[in-house]
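Below: the structure, in structure tokens.
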Amino acid sequence: MRELRVRVSGAEWEELADLADACGGTPEEWVAEVVRERLRLERARVGAEAGRLAGRHAALLKRLGE
């Protein structure tokens, strides 16, 4: 597993620590979950856009593959 350091202001850290505590976790666990969720959303968004573009340009992609 890799480690990532993120700098936040003192106020952001306090808010993060409070939210993590309210959710029953640590700030590190909370941030890791937020990153995973953002990655999932972006993966879905990019996949949908790729599918849209592939459909739009299907004829061209077929000719290029021949």
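Could you go through the stretch 26-45 and let me know if any residue there is of a type outside the set (Gly, Ala, Ser), more than 23 Å from the chain's Cα centre (by Cα) and either farther than 30 Å from Met1 by Cα or surrounded by 11 or more Cβ atoms within 10 Å (Cβ to Cβ) (or both). Scanning the stretch 26-45 turns up no residue that is of a type outside the set (Gly, Ala, Ser), more than 23 Å from the chain's Cα centre (by Cα) and either farther than 30 Å from Met1 by Cα or surrounded by 11 or more Cβ atoms within 10 Å (Cβ to Cβ) (or both). Contact map, the stretch 22-39: residues that are β-branched (Val, Ile, Thr) paired with residues that are open to solvent by less than 100 Å² (accessible area, probe 1.4 Å), Cβ distance under 9 Å, separation 6+ or inter-chain. Pairs shown: Thr26/Ala17; Thr26/Ala20; Val31/Val6; Val31/Leu16; Val31/Ala20. Among the residues of the stretch 1-25, those that are surrounded by 11 or more Cβ atoms within 10 Å (Cβ to Cβ) and either in a helix (DSSP H, G or I) or of a type in the set (S, T, N, Q) (or both) comprise Glu12, Trp13, Glu14, Glu15, Leu16, Ala17, Asp18, Leu19, Ala20, Asp21, Cys23.
The values are calculated or read from the model by the stated rules, or taken from the named source; none is laboratory data. As the structure is a prediction and not an experimental result, all values here were calculated from the model. For neighbour counting, all protein chains shown are included, and Cβ atoms are generated from backbone atoms with ideal geometry for every residue, glycine included. SASA here: full protein model, heavy atoms, side chains in, ligands and nucleic acids out. Shrake-Rupley method; radii C 1.70, N 1.55, O 1.52, S 1.80 Å.
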